[in-house]
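Encoded as structure tokens, the structure appears first; notes follow it.
The values are calculated or read from the model by the stated rules, or taken from the named source; none is laboratory data. This is a predicted model, so every value here is computed, not measured. Virtual Cβ from ideal backbone geometry, glycine too; neighbours counted across all protein chains shown.
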Amino acid sequence: MSRVKRTLFACAFLGAAVLLITMVEPRTAQAQSANLSVQVILASNSGQGMDGSLGSVASQLRARFGRYDSFSLLASHRVHLDQGSSESLGLPNGETLRISLLSMSGSSYRLQVSLPGGGTTVTAPPGGIFFVAGPRYQSGTIIVAITP
């Protein structure tokens with residue numbers, strides 16, 4: 001191959017590489033956000049059993065919060081967070097839940113969840129679920145289920 005052809009080939013290869021990097025960059029930027037499902041649940045001993053709309057988390061609620069015999073869905077939210085941003089959600093008792101996307105590591109999200117009286121930081125994979133026990137409400141306790 002002549003020197004001119006090699007130079008043209010190298011330029012074309014570099015151009016294609018730059019184009020590929022440019023095309024991939026927006027996807028990387030989009031990956032720095034999270035879409036969360038947030039369920040606000042009342043756990044109590046009212047004898048009413050499990051709310052049918054909690055089907056996907058019912059067994060986990062029973063396993064983690066076995067001292068309660070009843071679980072009912074009070075509210076459900078969809079939250080979109082960019083890295084470094086926060087969202088505040090009102091709870092049925094008038095208090096506020098705050099969720100922040102602190103960072104991402106590999107395919108896991110590092111989230112900070114704050115409720116009046118405390119908070120926690122968790123690392124969760126997409127599709128994983130975690131629970132945060134909240135304040136007393138009516139005859140039970142508010143539990144927040146978050147699924148990234």
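Things to note:
- Residue selected from the stretch 55-87 under the condition of a type in the set (Ser, Thr, Tyr) and in contact (Cβ under 8 Å) with a residue 60 or more places away in the chain, by the criterion surrounded by the fewest Cβ atoms within 10 Å (Cβ to Cβ): 70
- In a residue-by-residue description of the stretch 45-52, the property of being of a type in the set (Gly, Ala, Ser), assigned to a strand (DSSP E or B) and either out of contact with any Pro (no Cβ under 7 Å at 6 or more places or on another chain) or modelled with pLDDT under 50 (or both) applies to no position.
Yes/no per residue for (1) in contact with a His (Cβ under 9 Å, 6 or more places away or on another chain); (2) more than 21 Å from residue 49 (Cα to Cα); (3) at pLDDT below 95; (4) surrounded by fewer than 16 Cβ atoms within 10 Å (Cβ to Cβ):
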site	(1), (2), (3), (4)
117	no, yes, yes, yes
121	no, yes, no, yes
125	no, yes, yes, yes
134	no, no, yes, no
141	no, no, no, no
148	no, yes, yes, no
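- Scanning the stretch 95-106 for residues that are more than 23 Å from residue 35 (Cβ to Cβ), touching a residue at least 60 places away in the same chain (Cβ under 8 Å) and hydrophobic (A, V, I, L, M, F, W, C) turns up nothing.
- Residue list for the stretch 33-54, restricted to those being over 21 Å from the mean Cα position of the chain (by Cα) and touching a residue at least 40 places away in the same chain (Cβ under 8 Å): 43, 44, 45, 46
- When residues in the stretch 125-143 are screened for being out of contact with any Lys or Arg (no Cβ under 9 Å at 6 or more places or on another chain), under 15 Å from residue 56 (Cβ atoms) and either part of a strand (DSSP E or B) or acidic (Asp, Glu) (or both), 1 of them pass.
- Any hit, the stretch 123-145, residues being farther than 14 Å from residue 42 by Cβ and either of a type in the set (Lys, Arg) or in contact with a Cys (Cβ under 6 Å, 6 or more places away or on another chain) (or both): no
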